[in-house]
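Working notes for the structure below.
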Amino acid sequence: MGQARRGLAIYFAVLVPVSAILELVIVRANDNIGRYPWIIRQYPWVLILLLMWTPAISSIVARLSLREGFADVSFRLGGRQALPTYAAAVLMPLIVGTLAYGAAWATGLAGFKTPTHGGFFPYLGLALVYGATLEVVFGTGEEIGWRGYMLTRLIDAGVPQPLLVSGIIWALWHFPLILSGTYAAGPHPGISAGIFLVDVVGIGFVIGILRLRSGSVWPAALLHGEWNGIIQGPFDGSSTGPGATTWVGESGILVAGVSLAIGIAVAARYHKWHRETVSADVKV
C-alpha cells in the first residue's frame, strides 16, 4: 500500500505540471498557431500526441524512480480468453453511437447529414480501421498511464471506488481544454465539462474493467482508439443543427446518459463476477 501511494505521488507530480504546460500551449496554439514553430504549424497533432502520451511518461518516471519494472503494465494480448474484451472494446462506441445519436436524429434533437466520405456506413468502416490503428497509437499513451499504472495503484493503495476515482481523474485532466472551448465544448463550456465528466465516468467503468478482466492494457487502448475514431468521426460528422452539441458529442447529454448506463451495468456485472470468483477461491 505504501509503495502504491508513493508511486501515485510521483506519477501525479509529473503528470499535473507537464499536462498543464502542454494544455496551455494547445489552447494558445488554437488561438494563434502562426506564432509557433514550423513543425507545430504544419503538424498541430504533434501537441495532442505529446499530451496523450504524458500519462505514459509519468508512469515510466514513477516506475523507474521506485524500480518497479514494467511487467504489470501487461502488454501481452491475453490469448483466447481475452477475445471477449476486445469485442467489447469495439462494441462500446458502436452501441453508444447507435443509441445516443440514433435517438437524437430520430427525434430531431440533432439533424443528420450524409458525411462526405462516401456515406455514413463507408465512413464508419473507415473509422473502425482508423480507430484500431492510428487512434490506438494516441490512446495507448493514455492507457499505459491511466489503466496500466494509475488504476492498479489506486487499487493497491486502498483508495475507495478506484474505478470511479480513476474516471473522475481522467475527466478532470480534459477540463482545461473543455473550459477554454478547445475540445468537446458546446455554447456553455462549464456545462459541457460537467456533462463530459458523466460521460467519461461511464466510459471509465467499462475501459477499466476491460483492463482488469483481461489482464492486458490492449483492450483498454483499443476501446480508447475506437471511441475516438467512431464517435468523433462518423457520428459527430453526421450530426448537425444548433442543438447538436447539447445532445450528442462527448459532452452531449444523450451520449453521457447512455455511456453512464452502460458503465454502471458493466460495473455491476463485474463486481458480481469478482465476488463469486473470490468466494470460490476461498472455498478451494
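Worth pointing out:
- Full extension of the segment from Lys272 to Leu126, taken as 0.36 nm per residue of separation minus the current Cα-Cα distance, would add 48.9 nm.
- Note on the chain: with a GNM built from Cα contacts shorter than 10 Å, the maximum mean-square fluctuation among Ser65, Ser238, Ser192 falls on Ser65.
- Expected-Rg normalisation [2.2 N^0.38 Å, Cα atoms] applied to region 96-204: 1.29
- Relative contact order of the chain, defined on C-alpha pairs under 8 angstrom at six or more residues apart (%): 28 percent
- Most fluctuating residue given options Val159, Val90, Val136, as computed from a GNM of the chain linking Cα atoms under 10 Å: Val159
- Region 1-149 - charge dipole about Cα centre, Lys and Arg +1 at Cβ, Asp and Glu -1, debye rounded to 20: 200 debye
- With at most 16 other Cβ atoms within 10 Å, longest stretch of the chain clear of loop trypsin sites (Lys or Arg not before Pro) (DSSP): 114-284
- The ranking of His117, His174, His274, His224 by Cβ neighbour count inside 10 Å, starting from the fewest, reads His274, His117, His174, His224.
- Placing unit charges on the Cβ atoms only, positive for Lys and Arg and negative for Asp and Glu, gives the chain a dipole magnitude near 520 debye about its Cα centre.
- If you wrap the chain in the convex hull of its Cα atoms and look at it from every side, the mean projected area works out to 16.2 nm².
- Helical runs assigned H by DSSP (4 residues or longer) give the chain a calculated mean residue ellipticity at 222 nm of -22500 deg cm²/dmol, each run adding -39500 (n - 2.57) before division by the residue total.
- Candidates Gly229, Gly186, Gly102: whichever shows maximal mean-square fluctuation once the chain is modelled as a Gaussian network with Cα springs under 10 Å: Gly102
- Cα centroid separation - region 173-195 against region 214-282, whole Å: 19 Å
- DSSP H segments from the chain that extend 15 Å or more along their own axis, Cα-based, with Kyte-Doolittle mean of -1.0 or above: 2-31, 54-66, 83-96, 120-132, 134-145, 162-179, 189-214, 218-230, 253-283
Every number here is computed from the coordinates shown, using simple stated rules; none is lab data. Here the structure is a predicted model, which means the values were calculated and not measured. Using ideal geometry, Cβ is built from the backbone for each residue, glycine included, and neighbour counts are taken over all protein chains shown.
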